[in-house]
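What follows is a short report on a single structure.
The values are calculated or read from the model by the stated rules, or taken from the named source; none is laboratory data. As the structure is a computational prediction, the values presented were derived from the model and not from experiment. Here Cβ is always computed from backbone atoms with ideal geometry, including for glycine, and neighbour counts include all displayed protein chains.
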Amino acid sequence: MTIAFAGGLAVQTASAQTQPDAEWQARVQTLEEQVKQLKAELDALRGQTAAAPQPVADAGAATTAAASAAPGSSKIFNPDTSVIGNFIGVAGRNPTSEQPPLSLTEVEAAFQAVVDPYARADFFLAASPEGLEVEEGYITFTSLPAGVLLKVGKMRAQFGKVNTMHTHIVPWADRPLVSQNLLGGEEGLTDSGFSVSKLIPNDFMFVDLTGEVYRGRSEVFQSKERSKLNYIGRLRGYRDLTEGTNLDMGVSYARGHSAALEGFNTELTGVDFTFRYRPLRRAIYRQFVGRTEIFWSRHDVPSGLQQRTSGFYGSADYQFARRWFIGARGDRSGRALDSDLRDTGGSVHLTFRPTEFGLIRGQYRRTSYAEGVDANELLFQVNFSIGAHGAHSF
């Protein structure tokens with residue numbers, strides 16, 4: 001009885017295992033078929049690579065042959081490309097301005113790519129009513145010893161915040177008065193040279209030290225001698241205060257030969273503070289950014305004395321819905337070569353961002369110039385882009 005019972009149990013057990021074993025065998029067979037199919041596709045790709053034509057003397061023919069042999073892989077060698085347009089309309093009264101009522105002020109074409117594991121390249125071409133120019137074009141070496149970062153080419157100098165911004169990311173339809181009076185306006189401190197930066201490790205905050213040398217061909221600095229260069233230094237600190245707030249601050253210094261007075265020196269000093277609030281759980285609906293920059297300018301003049309002046313702006317921008325932003329800015333600035341002349345202004349703006357590829361902005365601006373002239377203007381801005389544009393500095 002025991003044997004019969006055991007035999008019956010064995011028969012029942014084997015019968016119970018028949019169905020799961022059949023399912024596993026079906027799954028294994030399916031996987032084997034998929035592996036065979038993938039192997040066949042891989043062999044076909046290897047065959048296409050082996051059959052690709054060898055390099056020929058004619059570079060154009062070689063390029064065409066390579067493109068036809070491997071059309072899918074050609075995209076790997078193309079940089080990220082984008083085109084950004086900035087349209088400005090202005091209405092109202094400003095006797096000191098020649099800004100046209102409607103203008104496509106700038107079209108920026110960007111080409112950005114990783115050159116190799118040790119460097120990346122960025123090129124920005126700007127077309128405006130004045131013509132086409134290289135706004136920036138530089139290579140960044142990212143793997144140098146001691147964690148040093150080196151940039152070589154034409155760049156916007158690391159002086160303050162607004163000077164480093166391209167037109168399409170400036171948070172207003174114009175630039176502050178202090179940028180126009182002391183930093184060269186739209187072009188600002190942009191020149192050919194090199195920049196070296198280094199992170200300073202510490203437990204309190206992110207600290208970045210940057211030193212730059214330029215040839216001296218900007219709106220503020222001009223030099224005709226090879227030995228007379230433009231020098232810029234910046235110390236930046238960043239710290240997260242909470243999970244949704246952070247503080248960004250910096251001190252900048254620049255020295256070189258004056259563009260306004262040949263043979264004399266100019267010095268610029270600036271401090272900047274940026275406070276950001278963006279709650280993680282409502283990041284696409286709410287944020288606040290407060291900014292301020294203060295600049296001091298010193299010019300040597302023929303009388304042997306020094307012309308000193310200063311200026312600042314302060315702004316606040318608040319996102320109150322997913323696509324809507326509102327903001328205000330106050331300005332005050334002296335003139336670079338006449339400290340007795342000071343301009344003041346203020347503006348408010350409303351911005352709608354239908355997508356990340358564009359914005360529509362309306363801005364009211366009132367300016368009181370030192371000559372006793374008041375200007376009241378309404379600015380209208382449309383900014384739009386196509387392509388994959390790389391991220392700007394935070």
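If residue 225 passes every condition in (1) touching a helix residue (DSSP H, G or I) at 6+ places or on another chain (Cβ under 9 Å); (2) free of Cβ contacts under 8 Å to residues at least 40 places away in the same chain but one, which one does it miss?
(1)
Yes/no matrix, rows are residues, columns are (1) in the same structural domain as residue 380 (by TED's automatic domain parsing); (2) touching a Gly at 6+ places or on another chain (Cβ under 7 Å):
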residue	(1), (2)
89	yes, no
93	yes, no
101	yes, yes
104	yes, yes
109	yes, no
134	no, no
143	no, no
147	no, no
164	yes, no
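Tell me yes or no: at least one residue of the range 201-214 is farther than 25 Å from residue 275 by Cα and touching a residue at least 24 places away in the same chain (Cβ under 8 Å).
So the first thing to find is which residues in the range 201-214 are farther than 25 Å from residue 275 by Cα, and the list is 212-214.
Going one step further and asking which of them are touching a residue at least 24 places away in the same chain (Cβ under 8 Å), we end up with 212, 214.
Checking the range 201-214: at least one residue is farther than 25 Å from residue 275 by Cα and touching a residue at least 24 places away in the same chain (Cβ under 8 Å).
Which ones in the range 220-234 are touching a Gly at 6+ places or on another chain (Cβ under 8 Å) and surrounded by fewer than 17 Cβ atoms within 10 Å (Cβ to Cβ)?
The initial filter retains those residues of the range 220-234 that are touching a Gly at 6+ places or on another chain (Cβ under 8 Å), namely 220-223, 228-234.
Answer for the range 220-234, where residues must be touching a Gly at 6+ places or on another chain (Cβ under 8 Å) and surrounded by fewer than 17 Cβ atoms within 10 Å (Cβ to Cβ): 228, 231, 233.
Given the options 82, 97, name the one that is in contact (Cβ under 8 Å) with a residue 60 or more places away in the chain, of a type in the set (Gly, Ala, Ser) and assigned to a loop (DSSP other than H, G, I, E, B). Write out each step before concluding.
Details: 82 fails: assigned to a loop (DSSP other than H, G, I, E, B).
When all the criteria are applied, what remains is 97.
Residues to consider are 137, 89, 153; find the one that is in a strand (DSSP E or B), closer than 30 Å to residue 366 by Cβ and not β-branched (Val, Ile, Thr). Lay out the reasoning, then the answer.
Numbers: 137 fails: closer than 30 Å to residue 366 by Cβ; 153 fails: closer than 30 Å to residue 366 by Cβ.
Of the residues listed, the single one that is in a strand (DSSP E or B), closer than 30 Å to residue 366 by Cβ and not β-branched (Val, Ile, Thr) is 89.
Any idea which residue in the range 345-363 is nearest to residue 314 (Cα to Cα), counting only those that are among the hydroxyl-bearing types (Ser, Thr, Tyr) and surrounded by 16 or more Cβ atoms within 10 Å (Cβ to Cβ)?
Quick first cut of the range 345-363, residues among the hydroxyl-bearing types (Ser, Thr, Tyr) only: 347, 351, 355.
The next check asks that each one be surrounded by 16 or more Cβ atoms within 10 Å (Cβ to Cβ); those that pass are 347, 351.
On the way: 347: 11, 351: 18 Å.
That would be 347.
Residues in the range 235-242: is at least one within 30 Å of residue 365 (Cα to Cα), in a loop (DSSP other than H, G, I, E, B) and either touching a residue at least 12 places away in the same chain (Cβ under 8 Å) or aliphatic (A, V, I, L, M) (or both)? Walk me through it before giving the result.
Going residue by residue through the range 235-242, those that are within 30 Å of residue 365 (Cα to Cα) are none.
Checked against the condition, which is being within 30 Å of residue 365 (Cα to Cα), in a loop (DSSP other than H, G, I, E, B) and either touching a residue at least 12 places away in the same chain (Cβ under 8 Å) or aliphatic (A, V, I, L, M) (or both), the range 235-242 yields no hits at all.
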